[in-house]
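Reading through the structure tokens given below for one structure.
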Amino acid sequence: MSEEQTNIDNEMLEIDSLLSEEDPDFIKGLSEIKIDNAMFDLSLMDQALADPSTGAKFKAAFKKISALFNFKENYKILIPFWILIFAVSGALVFILKFKSWDRPDSLFLTSYAEWGLQAHSYNPMTESEMFFDNGRLLKNIVTLKKMVANIKASENSGANPMVAFELNVEGMSSEVVVEIKDREAEFKDLILRTTEELNYDALVSSEGKQLLSDRILAVLNSNLTQGQIRKVLYKSFIIKN
């Protein structure tokens with residue numbers, strides 16, 4: 001026995017003698033304490049293994065499981081059963097792996113191609129319809145009554161050429177039409193001053209008429225406060241040389 005172990009035993013004896021002198025009843029109580037080993041002989045597992053019916057239960061369960069794979073005797077039942085199992089399993093796998101489940105949410109959809117849908121292309125010049133040219137859209141048109149203006153003389157005109165015309169003005173909103181009607185006198189004056197800047201030879205051609213309508217469109221839009229107009233159309237146009 002080592003010296004260290006001897007020292008430990010001596011210390012334990014000293015503790016026992018000290019306890020015996022100080023509190024003999026405590027030592028007596030310790031000696032009377034007994035542990036019933038019968039309480040720990042059989043655990044739940046020990047009891048299950050000791051029970052003779054446990055083996056029979058395991059055998060019955062194993063037999064039931066084995067019957068699920070015995071196609072020779074139960075093929076009429078097992079084949080539909082396993083087909084159903086595989087179908088349900090495949091459906092679950094498909095649902096879990098479906099693309100939309102892991103697709104990140106987005107506030108705006110910029111292209112249907114992001115959802116894997118078929119994308120179509122089109123020619124905006126031949127396959128689209130302008131919003132304001134849509135036949136189902138209510139037109140905001142106001143008519144400006146006949147205006148007569150003196151225009152500049154040219155090589156092919158007389159001394160005092162004149163032009164008379166009526167206009168249909170299409171606004172982008174009803175507010176524009178109301179403003180044009182309310183300020184009709186002012187806008188007519190602007191139109192006449194714009195017309196007087198052109199000469200007879202310019203206005204007698206179709207290009208000259210288009211030039212005048214473009215200038216009227218520009219001058220009206222520059223003075224409107226409630227919106228814009230998009231078209232100036234001639235209702236009538238008469239020119240005198």
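The values are calculated or read from the model by the stated rules, or taken from the named source; none is laboratory data. The shown structure was predicted, so the numbers you read here are calculated from the model rather than taken from an experiment. No Cβ is skipped: glycine too gets one built from the backbone with ideal geometry, and neighbour counts run over all protein chains shown.
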Got a number for residues in region 145-182 being surrounded by 15 or more Cβ atoms within 10 Å (Cβ to Cβ), farther than 15 Å from R215 by Cβ and not polar (S, T, N, Q)? 12
Please verify whether region 141-156 includes one or more residues that are under 18 Å from K240 (Cα atoms) and within 54 Å of the chain's Cα centre (by Cα). no
Can you pull out every residue in region 191-212 that is more than 54 Å from the chain's Cα centre (by Cα), crowded, with 17+ Cβ neighbours inside 10 Å and under 22 Å from K145 (Cβ atoms)? L198, L203
Going by what's in this entry, would L137 be described as at pLDDT below 70, assigned to a loop (DSSP other than H, G, I, E, B) and within 30 Å of V178 (Cα to Cα)? yes
